[in-house]
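Enquirer: Let me give you the structure first, and then I'll get to my questions.
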Amino acid sequence: MSAATTVPEADERLVRHGRLRRLLGRPELGAVVGAAAVFLFFSFVAEPFLKASSLSTVLYASSTIGIMAVPVALLMIGGEFDLSAGVMVTTSALISSMFSYQMTANVWVGVGVSLLATLAVGFFNGFLLTRTKLPSFIITLGTFLMLTGLNLGFTKLISGTVSTKTIGDMEGFESARALFASHLTIAGVDLQVTILWWLGLVALATWVLLRTRAGNWIFAVGGGADAARAVGVPVNRTKIGLYTAVAFCAWISGQHLLMSYDVVQSGEGVGNEFLYIIAAVIGGCLMTGGYGSAIGSAVGAFIFGMTSKGIVYAQWNPDWFKYFLGAMLLLATLLNAWVRKRAEASK
């Protein structure tokens, strides 16, 4: 072959540099490093931590946070927050339980009514946000307070106590439990079905973010709503859709809560919204929007699960859990900021 037709080989240094830059640009990189560190730490200090049964418990604890952390992460990428996410889970469970019991209907009727009502709450948050232009913090804080009051007020009004009546003996309960709160045995390990819900939602959200036009809209809206609107992105529709996604996952979590215990305490869920946000932030989502990933939120939820159960297996005082959670939040935020600066510097 002549010199004129010889194709020069790519400089190997440039190839490595490109791969390194892509790696540093991944939002979940800091969370993966943190998860590895937490796993190794508890592997040494807590002997039961590495048992298969312990891993099942850790994954279950992670999934209960992770199911909600996925849509919360997408919402944060879109530049917004939802402080009502925690109590919305309880609202969903209460509606299913009380409607089924009071109407003596099949449990699936209550589940369906709950889905419609919960989606309506999510739509309300998104619609009010786009119409009033008020900060999402204010709107969802208001929703949080209203739902907290409604949960307690309606439960005491209808049931006479702060908890619902049992629906475990009603028609349709067992089939609903099979979908939302069953156990699976894989390779001799007992796993909750919520783990499958969690992994499925992570896969779906990742596909939406990276492979669809809606994913581009989410990143664009979080990066700058006015600029996104100027290039034709349906900003209002995107934000309403994100709040509806949070509501849908709150419905899933609420049905799991109900089907696991067949009764619901009206005061549950308060404060969980911060756990969802923490998982998303640890997973690489920026508070300012426009950056993050669903996989990162899953890693953040996994860190939460490892920490909450690792402290128990190490036989430490569980009162220290919030301290470790806060420390991880700060360290993860600092690490994510450093990784992003390195990625931008390598461009």
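The values are calculated or read from the model by the stated rules, or taken from the named source; none is laboratory data. What you see is a predicted model, and the numbers here were worked out from it, not measured in a lab. All Cβ positions, even for glycine, are placed from backbone atoms using ideal geometry, and neighbour counts span all protein chains on display. These area figures cover heavy atoms from the full protein model, side chains too; ligands, DNA and RNA do not enter into them. Shrake-Rupley method; radii C 1.70, N 1.55, O 1.52, S 1.80 Å.
Enquirer: Across segment 256-283, what is the total count of residues that are open to solvent by 20 Å² or more (accessible area, probe 1.4 Å) and assigned to a loop (DSSP other than H, G, I, E, B)?
Expert: Count: 6.
Enquirer: Checking the conditions here, which among 8, 27 is buried (at least 21 other Cβ atoms within 10 Å of the Cβ) and modelled with pLDDT under 85?
Expert: Answer to the check: 27.
Enquirer: Let me ask another. Please go through segment 53-97 and pick out each residue that is open to solvent by 10 Å² or more (accessible area, probe 1.4 Å), in contact with a Lys or Arg (Cβ under 8 Å, 6 or more places away or on another chain) and under 22 Å from residue 208 (Cβ atoms).
Expert: 80
Enquirer: Considering only segment 305-325, state which residues are open to solvent by 30 Å² or more (accessible area, probe 1.4 Å), assigned to a helix (DSSP H, G or I) and more than 12 Å from residue 57 (Cα to Cα).
Expert: Result: 318, 319, 320, 321, 322, 323, 324.
Enquirer: Let me ask another. Would a scan of segment 101-108 turn up a residue that is outside any helix (DSSP H, G or I), closer than 19 Å to residue 72 by Cα and without any contact (Cβ under 8 Å) to a residue 60 or more places away in the chain?
Expert: The answer is no, given that none of the residues of segment 101-108 is outside any helix (DSSP H, G or I), closer than 19 Å to residue 72 by Cα and without any contact (Cβ under 8 Å) to a residue 60 or more places away in the chain.
Enquirer: Going by what's in this entry, would residue 209 be described as open to solvent by less than 30 Å² (accessible area, probe 1.4 Å) and either acidic (Asp, Glu) or within 20 Å of the chain's Cα centre (by Cα) (or both)?
Expert: On the way: open to solvent by less than 30 Å² (accessible area, probe 1.4 Å): yes; either acidic (Asp, Glu) or within 20 Å of the chain's Cα centre (by Cα) (or both): yes.
It is true that residue 209 is open to solvent by less than 30 Å² (accessible area, probe 1.4 Å) and either acidic (Asp, Glu) or within 20 Å of the chain's Cα centre (by Cα) (or both).
Enquirer: Search segment 82-124 for residues being farther than 15 Å from residue 261 by Cβ and among the polar types (S, T, N, Q), and hand back the single one that is nearest to the chain's Cα centre (by Cα).
Expert: 84
Enquirer: Could I ask something else about it? Taking only pairs six or more apart or across chains, which ones have beta-carbon atoms under 7 Å, a first residue in segment 135-154 that is touching a residue at least 12 places away in the same chain (Cβ under 8 Å), and a second residue that is surrounded by fewer than 16 Cβ atoms within 10 Å (Cβ to Cβ)?
Expert: 148/270; 152/162; 152/267
Enquirer: Looking at residue 302 and the list (1) open to solvent by 40 Å² or more (accessible area, probe 1.4 Å); (2) out of contact with any Ser or Thr (no Cβ under 8 Å at 6 or more places or on another chain); (3) under 26 Å from residue 210 (Cβ atoms), which single condition is not satisfied?
Expert: (2)
Enquirer: Mind checking which residues of segment 234-255 are in contact (Cβ under 8 Å) with a residue 12 or more places away in the chain and open to solvent by 20 Å² or more (accessible area, probe 1.4 Å)?
Expert: Scanning segment 234-255 gives 234, 236, 239, 240, 241, 244, 245, 248, 251.
Enquirer: A further question on this structure: Just one of the numbered conditions (1) modelled with pLDDT of 90 or more; (2) exposed (fewer than 13 other Cβ atoms within 10 Å of the Cβ); (3) under 24 Å from the mean Cα position of the chain (by Cα) is not true of residue 157; which one?
Expert: It fails just one condition, (3).
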